[in-house]
Amino acid sequence: MLPFGFAAPREIRFGRGVAAEAAPRIAAMGRRLALVHGASGARADWLASGLMAQGVLALRIACGAEPDLPALEAALAQARAAGVDAVAALGGGAAIDMGKALAALIPSVTPPLTHLEVVGEGRPLGVDPLPFAALPTTAGTGAEVTKNAVIGVPEARRKVSLRDARMIPDVVLIDPALADGTPRAVTLASGLDAITQVIEPFLSSRANPLTDALCRAAIPRGLAALARLMQGEDADARDDMAVVALTGGLALANAGLGAVHGLAGPIGGLAPAAPHGAVCGALLPAVMLANAAALYPGHPAVARMQEAEGMVSEALCVEGWAGLADWSRRAGLPGLSAMGVTPADYPALAAAALGSSSMRGNPVPLSQAVLERVLAESA
């Protein structure tokens, strides 16, 4: 067995009602807080009021879309001017990524591009991040337990990571009730993202016994829960999807991802309005079919691929990866063409994906021509 490690937040609290613990726990981290939330500030009023009652001065920073470099730089200027000494994020993956990036960079004396991958220098942080707490309100990216923040760089038309092992949040409070009533389309996209993030680490060339144990249980659990949520609101299914999103974050932080996310990063830079989860959901079946075709007999991932496909078939009552594509479209998932990706974009997107960090975890190398075919099949 190859050596492996496993990184996770210092503390994870999960369950309905744990959001009530947020204000006192966050207040113990700092007295001048940057509170990052989504576009609707009203959804964060309860936490801001609780922090005020604890004597915490909270600078509120709205993150209404997936964060990009100009928005990050503006927020950094605000936070530094306010003397922020801790950060909390309440929201989906975008808000949590913005919060992680702020916590990492507020103490830094170097600009963000020093640390951004691909388009920057990709250097480790020179200073430890500020204390950071994460409270997810969607079940998708698992950003609450990962060591990177995805940042768009408009000039480069790319989404890239700010990554450092010290960026894993200190305190994570996952209250599935915060996701109750999430719109169906958001539930579908974020749910498929969560499922992708337990399938790709399960098949990853960097998988280890701990990530295997997490993913093997989470794949059928997530598929069954998402199917129930497509039929209507279901508190138990929301709980299950929150567990799967958490599992996916832990798994990808320790085993990596694959070609789905290798392609999703460049697509996000090309079409920044395209929801990341929807992109991943659209790509997943075609990437899995391409992987299966590229695996030679006896490859260690063959049995895993067959096991994962069997889980999909059984949980959704479909015929494998192709059946998953049909199921997702019937549920309302758009294809890549509806998200602004055209055939003329395929060569550049595939070439960019080959250089992404996520591709290093794919169970088998895929050529640019194969990746272009995946894009066409996901349109």
Task: Among Asn291, Met230, Ala89 the positive-end extreme of the charge dipole of the chain (Cβ point charges) - done: Ala89
Open item on the list: Could you work out how much longer the chain between Arg184 and Arg216 gets when fully extended? Use 0.36 nm per residue separation minus the Cα distance between them, nm to one decimal.
Closed with: 8.9 nm
Open item on the list: Could you identify which residue out of Phe202, Phe14, Phe132 has the top mean-square fluctuation in a GNM of the chain using Cα springs shorter than 10 Å?
Closed with: Phe14
Open item on the list: Compute, for the stretch 94-219, the length of the dipole vector about the Cα centre, with Cβ point charges of +1 (Lys, Arg) and -1 (Asp, Glu) only. Units Debye, rounded to 20.
Closed with: 280
- [ ] Please state the charge dipole magnitude for the chain, taken about the Cα centre, from unit charges on C-beta atoms (+1 on K and R, -1 on D and E), reported in debye and rounded to the nearest 20.
- [x] 540
Task: Helical contribution to [θ] at 222 nm, DSSP H n ≥ 4, -39,500 (n - 2.57), averaged over the chain, rounded to 500 - done: -15500 deg cm²/dmol
Task: Residue (of Asn208, Val160, Ala218) at the positive-pole extreme of the stretch 143-251, dipole from beta-carbon charges - done: Val160
TODO: Determine the relative contact order of the chain: mean sequence separation of Cα pairs under 8 Å and six or more apart, normalised by residue count, in whole percent.
DONE: 16
Task: For Arg60, distant residues with modelled amide H under 5 Å away - done: Leu35
Open item on the list: I want to verify a result. In a Gaussian network model of the chain, Cα cutoff 10 Å, which of these has the top mean-square fluctuation: Val36, Val18, Val145?
Closed with: Val18
- [ ] Could you state how much accessible area Tyr296 has, in square angstrom rounded to the nearest 10, with a 1.4 Å probe and all protein chains kept in place?
- [x] 130
Open item on the list: Taking 22 Å as R0, compute the FRET efficiency from the Cβ-Cβ separation of Arg31 and Asp128 and round it to 0.05.
Closed with: 0.75
Open item on the list: I'd like the distance separating the alpha-carbon centroids of the stretch 314-348 and the stretch 222-252, in whole Å.
Closed with: 20
Open item on the list: If you restrict to DSSP beta bridges whose two residues both lie in the chain, what percentage is antiparallel, to the nearest 5?
Closed with: 25
Task: Estimated distance in nm for a label pair at Leu113 and Ala369, the labels positioned 7 Å out from Cα along Cα-to-Cβ - done: 3.7
Open item on the list: I want to check the label-to-label distance for Met52 and Ala338. Put each point 7 Å from Cα in the C-beta direction and report it in nm to one decimal.
Closed with: 4.2
- [ ] Return the sequence-ordered ³J(HN,Hα) values of the stretch 107-122 in whole Hz as given by the Karplus equation 6.51 cos²θ - 1.76 cosθ + 1.60 applied to θ = phi - 60°, using x for Gly and Pro.
- [x] x, 6, 9, 10, x, x, 5, 4, 10, 6, 6, 6, 8, x, 8, x
- [ ] Report the local net charge at Glu309: Lys and Arg +1, Asp and Glu -1, summed over other residues whose C-beta lies under 15 Å from its C-beta.
- [x] -3
Open item on the list: Amide H of Ile174 versus every other amide H placed in the peptide plane: which residues, excluding those fewer than 5 positions away on the same chain, fall under 5 Å?
Closed with: Arg13, Phe14, Gly15
Task: Estimated vicinal HN-Hα couplings, Hz - the stretch 312-326 in sequence order (Karplus 6.51, -1.76, 1.60; Gly, Pro = x) - done: 4, 4, 5, 5, 9, 6, 10, 9, x, 5, 5, x, 4, 4, 5
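The values are calculated or read from the model by the stated rules, or taken from the named source; none is laboratory data. Computed from a predicted structure; not experimentally measured. Neighbour counts run over all protein chains shown; Cβ positions are idealised from the backbone, glycine included. Surface areas here come from the heavy atoms of the whole protein model, side chains and all, with no ligands, DNA or RNA. Shrake-Rupley method; radii C 1.70, N 1.55, O 1.52, S 1.80 Å.
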